[in-house]
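Structure first, then comments.
The values are calculated or read from the model by the stated rules, or taken from the named source; none is laboratory data. The model shown is predicted, which means the values in this text are computed figures rather than measured ones. Every residue, glycine as well, gets a Cβ built from its backbone with ideal geometry; the counts of neighbours run over all protein chains shown.
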Amino acid sequence: MKKLMIASVAATLLFSASAYALEAPAKASTCIGCHGADGNSVVPNFPKLAGQHASYTASQLKDFRDGVRKNATMAPFAKGLTDQEITDLANFYAAQQAK
């Protein structure tokens, strides 16, 4: 009985964490137009973000924000992002299934 209870609690925590990880951050609504709702862009000019390593996506967003990387579309969006928002976006897209 004790093992069943532990397994039940563990499963609940696992599924709760997975559902939370897949919830889109508020700032992701701006990304949808170019990169798709789940990061799977259907336009060749816009990269797919789904499944990309979080550290890579975070690095790119920081480079856009800080002016290291130049892009007329991305710079204004990234300029307003905090480090936490960048981390949240990067983790969200890393958790998405690339198609």
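Structural remarks
- Only one of the numbered conditions (1) of a type outside the set (Lys, Arg); (2) over 10 Å from the mean Cα position of the chain (by Cα); (3) surrounded by 15 or more Cβ atoms within 10 Å (Cβ to Cβ) is violated by residue 58, and that is (2).
- Looking across the stretch 57-90 at every residue that is among the hydroxyl-bearing types (Ser, Thr, Tyr) and without any contact (Cβ under 8 Å) to a residue 24 or more places away in the chain, the one that is farthest from residue 24 (Cα to Cα) is identified as 59.
- Residue count for the stretch 38-62 under the criterion of being hydrophobic (A, V, I, L, M, F, W, C) and under 17 Å from residue 23 (Cβ atoms): the result is 3.
- Selected residue (only one of 41, 59 is part of a helix (DSSP H, G or I), at pLDDT 95 or above, of a type in the set (Gly, Ala, Ser) and under 21 Å from residue 95 (Cβ atoms)): 59
- Residue count for the stretch 61-98, restricted to those that are among the charged types (D, E, K, R), within 15 Å of the chain's Cα centre (by Cα) and either at positive phi or surrounded by fewer than 14 Cβ atoms within 10 Å (Cβ to Cβ) (or both): 1.
- Residues that are under 20 Å from residue 36 (Cβ atoms) and in a loop (DSSP other than H, G, I, E, B), drawn from the stretch 62-99: 71, 73, 81, 95, 96, 97, 98, 99
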